[in-house]
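Enquirer: Shown below is the structure under consideration.
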Amino acid sequence: DVIVVRSGGSIPVDGIVTKEKGLPIICMIADCVPVLLWDGKNEVIGAIHCGWRSSVGDILKNAIDAMESLGAEASCIHAALGPAIGRCCFETDDDVPQAIEKYLGGETDGLFDRRADGKTMVDLRAANARRLIQLGVPEENIDISDECTFCSHDKYWSHRYTKGNRGSQAAVIVLD
């Protein structure tokens, strides 16, 4: 779910958008992809938690739609995809790449590495960046962190590295 907020408070959803100046919005993550969205021309922001399930549920489309309801334009949006579990460590069964294939309409070249043991390594950050482009966000407006939370578990909390015994990180954005 993505909601529009106009004042503070804790809201249990995966995406928040606002036009409210001075109101920080946050998404909490551990290994999932934090996506911060900003349309400076129309002064609309978003903070989106992109786990694989919310990603394939098209949360980014929901976020852009919610931003556009506040006057944003996809072509004016800038996106920052923060540290998350990388392709090097995001090992999945077939359900994840199959869902991503459907999510991206088959545009998945270079997103998966199939291993001999039947597991697939998935680049969820790149999948979400590709979806943003499909939704009209210019590729040059998308910045993608290359830091893996699992590899850099001394720097970031990693749900997978600690086998669920972890904290969380926050990605925060605010309009001035």
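Enquirer: Per residue, how large is the accessible surface of the chain? Use a 1.4 angstrom probe and give square angstrom.
Expert: Heavy-atom SASA per residue in the chain reads 49 Å².
Enquirer: For region 92-166, what number results from the quotient of the Cα radius of gyration and 2.2 N^0.38 Å?
Expert: Dividing the Cα radius of gyration by 2.2 N^0.38 Å gives 1.25.
Enquirer: Counting only helical runs of four or more DSSP H residues, what would the 222 nm mean residue ellipticity of the chain come to if each run contributes -39,500 (n - 2.57) and the total is spread over all its residues?
Expert: Taken over the chain, the calculation gives -6000 deg cm²/dmol.
Enquirer: Let me ask something else. Apply the Karplus curve 6.51 cos²θ - 1.76 cosθ + 1.60, θ = phi - 60°, to the phi angles in region 40-53 and return the couplings in whole Hz, x for Gly and Pro.
Expert: 3J(HN,Hα) across region 40-53, in whole Hz: x, 5, 9, 6, 9, 10, x, 10, 10, 8, 10, x, 5, 5.
Enquirer: Grab the beta carbon distance between V4 and K102, set R0 = 30 Å, and tell me the FRET efficiency rounded to 0.05.
Expert: The pair V4/K102 has a calculated efficiency of 0.60.
Enquirer: Rounded to a whole number, what % of the accessible area of the chain do carbon and sulfur atoms account for, probe 1.4 Å?
Expert: 48 percent
Enquirer: Taking 0.36 nm per residue of sequence separation and subtracting the Cα-Cα distance, how much length would be gained by fully extending the chain between V172 and C151, in nm to one decimal?
Expert: 5.3 nm
Enquirer: If you don't mind, there's one more thing I want to ask. When only the heavy atoms of the protein chains count and the probe is 1.4 Å, how do D95, D154 rank by accessible area, highest first?
Expert: D154, D95
Enquirer: Right, something else. Do any GluC sites (Glu not before Pro) in region 99-162 lie in a DSSP loop with no more than 15 other beta carbon atoms within 10 Å, and if so, which?
Expert: For GluC sites (Glu not before Pro) across region 99-162 that sit outside H, G, I, E and B with at most 15 neighbouring Cβ atoms in 10 Å, the list reads E107, E147.
Enquirer: Per residue, how big is the convex hull of region 15-61 when only Cα atoms are used? Give it in Å³.
Expert: So the per-residue Cα hull volume is 66 Å³.
Enquirer: Over all alpha-carbon pairs of region 31-176, lay out the pair-distance distribution in 5 Å bins, whole %, shortest bin first.
Expert: 2, 10, 19, 22, 20, 14, 9, 4, 1, 0, 0
Enquirer: Among K61/K102; K41/K102; K19/K102; K61/K163; K61/K155, which pairs are too far apart, with a Cα-Cα distance over 22 Å?
Expert: Cα-Cα > 22 Å for K41/K102; K19/K102; K61/K163; K61/K155; rest within.
The values are calculated or read from the model by the stated rules, or taken from the named source; none is laboratory data. Note that the structure is predicted; figures quoted are calculated from it, not measured. With ideal geometry, Cβ positions are generated from the backbone for all residues, glycine too; neighbour counts draw on all protein chains shown. Side chains included, ligands, DNA and RNA excluded: accessible areas come from the protein's heavy atoms. Shrake-Rupley method; radii C 1.70, N 1.55, O 1.52, S 1.80 Å.
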